[in-house]
Amino acid sequence: MPHLIGPDFISIQVADLDAARDFYSNAVGLKPGAFSPPGAVVFDTQPIPFAIRSPLVDLSAVSTLGHGVALWFGSDDADALHDHLAAQGVERRVAGFCPQGRGRGRDGRRMVLHAGAVR
């Protein structure tokens, strides 16, 4: 029987593509990939590509973006990245079952940064 292998591509819709590109590129440090389709930015993340895109739905129709979804981003130095983001006004909360921190990006979306394995 055919079966799923696992996540292969992750994309989130953002209200302001330019502001989100700035946040994920300059604040978080992701590098845009060599190609992105119109209305999107695909970042050069490994092993799974991550992208942001213009919305296909009315994002203002919900009170919390990404409610019920957890996106975990691995980092080679989660503490230093958290300190860097906190200096830029990104909310930080430390909690969970492994070394990690949670916060909200500039658009209010929750994100978890943890000491992930470098692949």
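Since every read-out is calculated from the coordinates, none of them should be taken as a lab result. Quantities reported herein were computed from a predicted structural model and do not represent experimental measurements. FYI the Cβ positions are ideal-geometry reconstructions off the backbone, even for glycines, and counts take in every protein chain you see.
Going 7 Å from the Cα of SER11 in the Cα-to-Cβ direction, what parts of the stretch 39-61 have a backbone nitrogen less than 17 Å from that spot? Under 17 Å, as judged by backbone N against the label point of SER11, lie 39-45, 48-59 of the stretch 39-61.
At 7 Å along the Cα-to-beta-carbon direction for both HIS3 and SER54, put a label point, then send me their distance in nm to one decimal. With each label point 7 Å from Cα toward Cβ, the separation is 4.1 nm. Backbone amide hydrogens, once placed in the peptide plane, bring THR45 within less than 5 Å of PHE50, excluding anything fewer than 5 places away on its chain.
Classify the stretch 12-51 as rounded, prolate or oblate from the Cα gyration tensor: take a ≥ b ≥ c as the square roots of its eigenvalues, call it rounded if a/c is under 1.5, otherwise prolate when a/b beats b/c and oblate if not. Here the stretch 12-51 falls in the oblate category. Once you sort the root eigenvalues of the Cα gyration tensor of the stretch 1-93 as a ≥ b ≥ c, which label holds: rounded (a/c under 1.5), prolate (a/b larger than b/c) or oblate (the other case)? Because its axes are fairly even, with a/c under 1.5, the stretch 1-93 counts as rounded.
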